[in-house]
Structure formats: C-alpha cells, structure tokens
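Visitor: Quick one: structure below, then a few questions.
The values are calculated or read from the model by the stated rules, or taken from the named source; none is laboratory data. Remember, it's a predicted structure, so these values are computed and weren't measured experimentally. As a convention, Cβ positions derive from the backbone with ideal geometry for all residues, glycine included, and neighbour counts pool all protein chains shown. What goes into the accessible areas is simple: the full protein's heavy atoms, side chains included, and nothing from ligands, DNA or RNA. Shrake-Rupley method; radii C 1.70, N 1.55, O 1.52, S 1.80 Å.
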Amino acid sequence: MIRKITWIAVLLGLASIAGATVLGDAALALKPGEWVKITTTGFNSGSFLETETGYPITQFSDKGVWDSNSQQFLFLGCPHYRPWKFAIYSDQTNSWRSAALPSGLGIGHGYEHNTVNPAKGESYFREYDSKSVRTYNIALDQWSTTLPQIPLDVSSVAGALEYFPDRNGLV
C-alpha cells in the first residue's frame with residue numbers, strides 16, 4: 001500500500017510539472033539529444049537580444065544564469081564598445097523583458113562575469129576591467145554594490161565569477 005501511495009504521489013508531482021509552463025512541457029517531452037523550438041512573447045525572432053542600435057548583446061558576452069527559485073533566465077550582455085542590455089526570460093509568463101542596468105555601467109565585455117545564488121535570490125555581475133561586483137536582487141528588481149571588491153592587485157578585462165553553495169561564496 002505504501003508503495004502504491006508513493007507512486008501516486010510521484011505521478012501527481014509529474015502531472016503538476018507538465019502543463020505548468022510552455023518551457024516545462026517542452027522539456028518533459030524531449031528525449032536525450034533532441035531539440036525543440038518554443039514560441040515566446042517579446043523575443044521577436046531574436047531581435048530582442050539587440051541594443052537600440054541593432055547590435056547583438058551576445059557578441060561579447062557568453063553566459064546567462066538560471067534562477068531556479070524565480071524560474072527566470074538572466075542575461076546581461078553587450079556588443080563591442082556599445083551599451084549593455086539586461087534581458088530576462090520568465091518561465092511563468094513565457095516572456096522576455098528588459099530590466100534596469102546597474103548604475104554607472106560602462107562599456108566592455110562580459111565573458112563569464114555573472115552568476116546566481118538561488119538561495120538568496122541574487123545574481124552577481126563583475127564589470128569589465130573592474131574589481132567591483134554588483135548584486136542584483138531578483139525579487140526587488142534592483143541593483144546594489146554592497147559586496148567588497150575582488151581582492152586582486154590589478155583589475156582584469158576578463159575573469160569568471162561563480163557562486164559555490166558549499167562555500168556560500170563567490171569565486
């Protein structure tokens with residue numbers, strides 16, 4: 001009887017996942033090695049990932065992060081020596097939106113310069129040629145500069161940033 005109840009609970013859990021979101025349905029239907037195209041609101045065939053001047057924000061930035069709590073994909077990117085754009089995809093609404101940029105953000109590259117801490121609901125970003133790390137509060141949709149600077153002798157134009165849960169810190 002316990003085994004039967006366990007399987008019913010598992011099936012109900014899977015049923016609650018299936019149908020929950022467009023992305024969730026697509027992921028559940030995939031077999032290993034398969035790809036699927038989903039239609040989202042606001043992506044506009046990829047033109048959403050361009051700045052107002054028409055340059056792609058993926059040109060000199062290569063990493064987005066997934067926040068498992070808010071079910072959002074966050075990508076802060078920029079073309080070469082052009083303005084940045086902060087793009088967010090929401091799994092719940094199946095839509096893209098632009099979010100506010102950190103204040104005073106200059107031009108540059110964003111190679112591996114961002115990470116996420118789902119437990120705190122924060123995303124972190126290290127600006128090009130800077131020791132400063134900006135904190136994005138996902139729930140409040142706000143940036144701050146509350147973290148200490150990276151302890152380096154010199155700043156660097158490229159440098160990865162990762163959050164490690166077992167260390168409860170950035171590396």
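Visitor: On the basis of being open to solvent by less than 20 Å² (accessible area, probe 1.4 Å), among the aromatic types (Phe, Trp, Tyr) and either within 23 Å of ALA27 (Cα to Cα) or assigned to a loop (DSSP other than H, G, I, E, B) (or both), does TYR89 make the cut?
Guide: Answer is yes for this residue.
Visitor: Here's a follow-up. Out of GLY121, GLY108, GLY104, report the one residue that is loosely packed, with under 15 Cβ neighbours inside 10 Å, on the phi > 0 side of the Ramachandran plot and among the small types (Gly, Ala, Ser). Talk me through it step by step, then tell me what you get.
Guide: Values: GLY121 fails: loosely packed, with under 15 Cβ neighbours inside 10 Å; GLY108 fails: loosely packed, with under 15 Cβ neighbours inside 10 Å.
Being loosely packed, with under 15 Cβ neighbours inside 10 Å, on the phi > 0 side of the Ramachandran plot and among the small types (Gly, Ala, Ser) holds for just one of GLY121, GLY108, GLY104, which is GLY104.
Visitor: Does ASN168 qualify as being more than 16 Å from the chain's Cα centre (by Cα), at pLDDT 90 or above and surrounded by fewer than 15 Cβ atoms within 10 Å (Cβ to Cβ)?
Guide: yes
Visitor: May I pose another question? Considering only residues that are under 20 Å from GLN72 (Cβ atoms), at pLDDT below 90 and open to solvent by 70 Å² or more (accessible area, probe 1.4 Å), which ones fall in the stretch 12-30?
Guide: Scanning the stretch 12-30 gives SER16, ILE17.
Visitor: Something else about it: Under the condition of being at pLDDT 95 or above and of a type in the set (A, V, I, L, M, F, W, C), which residue from the stretch 50-74 is most open to solvent (accessible area, probe 1.4 Å)?
Guide: Per the criteria, the residue is TRP66.
Visitor: Check the stretch 76-83 and report whether any residue there is in a strand (DSSP E or B), more than 20 Å from VAL171 (Cα to Cα) and within 12 Å of the chain's Cα centre (by Cα).
Guide: Keep residues of the stretch 76-83 that are in a strand (DSSP E or B), which gives 76-77.
Cutting the leftovers down to more than 20 Å from VAL171 (Cα to Cα) gives us 77.
Pick out the ones that are also within 12 Å of the chain's Cα centre (by Cα) and you get 77.
Within the stretch 76-83, one or more residues are in a strand (DSSP E or B), more than 20 Å from VAL171 (Cα to Cα) and within 12 Å of the chain's Cα centre (by Cα).
Visitor: Right, TYR128: within 18 Å of PHE73 (Cα to Cα) and buried (at least 16 other Cβ atoms within 10 Å of the Cβ) or not?
Guide: no
Visitor: For the subset of the stretch 92-115 comprising residues that are in a loop (DSSP other than H, G, I, E, B) and of a type in the set (A, V, I, L, M), which member is farthest from TRP143 (Cα to Cα)?
Guide: Ranking the qualifying residues of the stretch 92-115, first place goes to ILE107.
Visitor: If you scan the stretch 112-171, which residues turn out to be of a type in the set (Ser, Thr, Tyr) and in contact (Cβ under 8 Å) with a residue 12 or more places away in the chain?
Guide: Of everything in the stretch 112-171, those that are of a type in the set (Ser, Thr, Tyr) and in contact (Cβ under 8 Å) with a residue 12 or more places away in the chain turn out to be THR115, SER123, TYR124, TYR128, SER130, SER132, THR135, TYR136, THR145, SER155, SER156, TYR163.
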